[in-house]
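Written out below as structure tokens is the structure these notes cover.
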């Protein structure tokens, strides 16, 4: 564990495991094709293992690590996936052993210089590194406008400063690898009202917002969202454009 670890999610580990959206299978295939082989993938900041399990479809072995023991405790078991509690900056893996190193919705929390040094240490020659992020969910109509208002206006002052990198699509993060162009990809889901509210409940701004505002502001949002949604069991399309920084170790 490092002193730099900022734990925004352990208290909500159960919700995170239940409500966070899944990544498209095509993303794992794309990254596997860029790796020098398909022996070992390391998923850093893996949370409850959403992307680790997807990588296991493409790699003989996947190691998922997270600095939060609570998150790892909620990670769902899968064939060829091994979870451990460890910070991204100190994976514990052997030198030059990793074909693909990923960080999905996590790199903005890392001590980047130390993380990149660890990536260079564990990656094989021309191993692939991929930073993946997604920002605001997109929904049509009034529901989408309400979610945008919550995200930008109500919660705006309470987002951790690192979250700006997600909003920027990781464009302003340093990336000391040989960059690879990638196609546009997005995540997509058909969600009920309960699923959307569960996902919003995992946002890293909520604890600070609740402490500062109390529950009234968020209760007003939920009431307005329920009125705009209509039948709670009706589903709506939700999408998240993915931002990727992908490259090869030198």
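Every number here is computed from the coordinates shown, using simple stated rules; none is lab data. Predicted, not measured: the structure shown is a model, and the values here were computed from it. Neighbour counts are summed over all protein chains in view; Cβ atoms, including those assigned to glycine, are modelled from backbone coordinates with ideal geometry.
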note = Zone reached by a paramagnetic label modelled 7 Å from residue 61 Cα along Cα→Cβ, restricted to region 25-45 with backbone N below 20 Å, covers 32-33, 35-45
message = With n ≥ 4 as the cut-off for DSSP H runs, can you work out [θ] at 222 nm for the chain, using -39500 (n - 2.57) per run divided by the number of residues, rounded to the nearest 500?
response = -9000 deg cm²/dmol
task = Just need the Rg to Rh number for region 104-250, please, alpha carbons only, Kirkwood Rh.
result = 1.05
remark   = Quick shape check on region 149-190: root eigenvalues a ≥ b ≥ c of the Cα gyration tensor, a/c under 1.5 is rounded, otherwise prolate if a/b tops b/c, else oblate, and it reads oblate
task = Pairs of Cα atoms under 8 Å, at least six residues apart: use those to get the relative contact order of the chain, whole percent.
result = 22
task = Rounded, prolate or oblate: pick one for the chain, where a ≥ b ≥ c are the square roots of the eigenvalues of its C-alpha gyration tensor, a/c under 1.5 means rounded, and failing that, prolate if a/b is larger than b/c, else oblate.
result = prolate
request  = Could you rank the peptides 213-220, 47-54 by their average count of other C-beta atoms within 10 Å per residue, with the highest value first?
outcome  = 47-54, 213-220
request  = Find how much the distance from residue 39 to residue 187 grows on full extension, using 0.36 nm per residue of separation minus their present alpha carbon separation; answer in nm with one decimal.
outcome  = 50.7 nm
key: Inter-probe distance in nm under a simple model that places probes 7 Å from Cα toward Cβ, at residue 222 and residue 179   = 4.3
task = Rounded to the nearest Å, what's the spacing between the alpha carbon centres of region 183-207 and region 24-68? Just the number, please.
result = 21
